[in-house]
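Colleague: Dumping the structure here so I can ask a few things about it.
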Amino acid sequence: MDVLKQFEKLGIIPVVKIDDAKDAAPLAKALCEGGLPVAEVTFRTDAAEEAIRRMCEACPKMLVGAGTVLTTEQVDRAVAAGAKFIVSPGLNPCVVRYCQEKGVPITPGTSSPTDIEQALELGLEVVKFFPAEASGGIAKIKAMAAPYTKVRFMPTGGINAKNLMSYLDFPKIIACGGSWMVSDALINEGNFDEIRRLTREAVNTMLGFELAHVGINANGADEADSVAGSFEKMFGFAKKTGNSSVFAGSAIEVMKQPYLGAKGHIAIRTNYIERAMYHMELCGFTFDETTKKYDDKGKLKAVYLKGELGGFAVHLVQK
């Protein structure tokens, strides 16, 4: 998987400033354990190059890159240390071409239509939008995306847990860069437990998991209708009959014939189903590709995990 596709699957790119290289390895582990095996290490400190090297050594599967890259000399130092991608605050054609010649993915900063046109001239279709909030935020991105239909953005600057979703909900956003889970203070204090917690919280906020419904296996349409009817009688959950099941309200689905799961299934809603699959796969879970269902636009809307939990199959549903 190429770097930009990984960005899109990950959704959040932690932007870190490391003052002391000794913090690099524990920081890398905290991010990985928190669910974000990725970091943009800014070249704003003398420790950046060594920090990249130590992060790559500590977590070889982690996607580590260099940010705030201003010169070709910094590109060479970052790549030699193990950086897999380059991010710059502005668009320097010389640096972009240098990275392209070396086959190193680069996402340069933009904040205006003029910047976007320069990026297109250089053959780029994904750019950083920086500083995001100070430059007009998601409203400006939407305005700029209208005439430049093939361009996608990675906004960074002023993004936090409160405004994250307003950016990620726009399809032209590939991922968001942020530092709220990896503040300078937490890193310098060595508070990696808190970084791990905030990272997990950020991932959970992004994915937005919540219970959609519980499915109960019945043996035939009559039994399914009876069970759903009992829920309607007991709790007032209105019964609605479909082709393969009978719903009682929105939280109970009774299957007319047993499907996956010895007892039934549990459906979990998520904000971004493909992104959720990627993050769950990072945790070791696997999916049954044969169960994928798509909407009329060809977008994935549901998929089952392999195996059962307590006799129940589990599947994700796109909100």
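The values are calculated or read from the model by the stated rules, or taken from the named source; none is laboratory data. Keep in mind that what you see is a predicted model, and the values were worked out from it rather than measured. Cβ placement follows ideal geometry from the backbone for every residue including glycine, while neighbour counts extend to all protein chains displayed.
Colleague: So in region 172-200, with the set limited to residues that are among the hydroxyl-bearing types (S, T, Y) and in contact (Cβ under 8 Å) with a residue 24 or more places away in the chain, which one is surrounded by the most Cβ atoms within 10 Å (Cβ to Cβ)?
Modeller: T199
Colleague: Out of the strands (runs of 3 or more DSSP E) lying entirely within region 201-319, which hold 2 or more residues that are touching a Lys or Arg at 6+ places or on another chain (Cβ under 7 Å) and without any contact (Cβ under 8 Å) to a residue 12 or more places away in the chain?
Modeller: Correct list: 287-294.
Colleague: What is the one condition in (1) out of contact with any strand residue (DSSP E or B) (no Cβ under 9 Å at 6 or more places or on another chain); (2) on the phi < 0 side of the Ramachandran plot; (3) outside the structural domain of V182 (by TED's automatic domain parsing) that D225 does not satisfy?
Modeller: Result: D225 passes all but (1).
Colleague: Which residues, counting only those in region 1-28, are of a type in the set (D, E, K, R) and either assigned to a loop (DSSP other than H, G, I, E, B) or over 20 Å from Y167 (Cβ atoms) (or both)?
Modeller: D2, K17, D19, D20, K22, D23 - these are the residues of region 1-28 that are of a type in the set (D, E, K, R) and either assigned to a loop (DSSP other than H, G, I, E, B) or over 20 Å from Y167 (Cβ atoms) (or both).
Colleague: Looking only at residues in region 70-121 that are more than 17 Å from P155 (Cα to Cα) and of a type in the set (G, A, S), which one is surrounded by the fewest Cβ atoms within 10 Å (Cβ to Cβ)?
Modeller: G103
Colleague: Going by the conditions given, is M62 under 16 Å from the mean Cα position of the chain (by Cα) and free of Cβ contacts under 8 Å to residues at least 12 places away in the same chain?
Modeller: No, not satisfied.
Colleague: If the Cβ limit is 7 Å and pairs must be 6+ apart or interchain, which residue in region 77-97 that is outside the structural domain of F153 (by TED's automatic domain parsing) and of a type outside the set (G, A, S) pairs with which residue that is at pLDDT 95 or above and not in a helix (DSSP H, G or I)?
Modeller: If the second residue must be at pLDDT 95 or above and not in a helix (DSSP H, G or I), no pairs are left.
Colleague: Quick one: count up the residues across region 98-130 that are in contact with a strand residue (DSSP E or B) (Cβ under 8 Å, 6 or more places away or on another chain) and either of a type in the set (K, R) or not assigned by TED's automatic domain parsing to the domain that holds I174 (or both).
Modeller: 1
Colleague: Determine which single condition V127 fails, assuming it passes every other condition in (1) surrounded by 21 or more Cβ atoms within 10 Å (Cβ to Cβ); (2) of a type outside the set (S, T, N, Q); (3) touching a residue at least 40 places away in the same chain (Cβ under 8 Å).
Modeller: The one condition V127 does not meet is (3).
Colleague: Answer with yes or no whether A47 is over 24 Å from P108 (Cβ atoms) and buried (at least 18 other Cβ atoms within 10 Å of the Cβ).
Modeller: So A47 fails the test.
Colleague: Further question: Exactly one of (1) at pLDDT below 95; (2) buried (at least 20 other Cβ atoms within 10 Å of the Cβ); (3) farther than 29 Å from H279 by Cβ is unmet by K256. Its number?
Modeller: So K256 meets the others, but not (1).
Colleague: Taking only region 202-238 into account, find how many residues are basic (K, R) and buried (at least 19 other Cβ atoms within 10 Å of the Cβ).
Modeller: Counting residues in region 202-238 that are basic (K, R) and buried (at least 19 other Cβ atoms within 10 Å of the Cβ) gives 0.
Colleague: Filter region 139-171 down to the residues that are touching a Phe, Trp or Tyr at 6+ places or on another chain (Cβ under 6 Å) and within 19 Å of E117 (Cα to Cα), then identify the one that is surrounded by the fewest Cβ atoms within 10 Å (Cβ to Cβ).
Modeller: Looking at residues that are touching a Phe, Trp or Tyr at 6+ places or on another chain (Cβ under 6 Å) and within 19 Å of E117 (Cα to Cα), I get I141.
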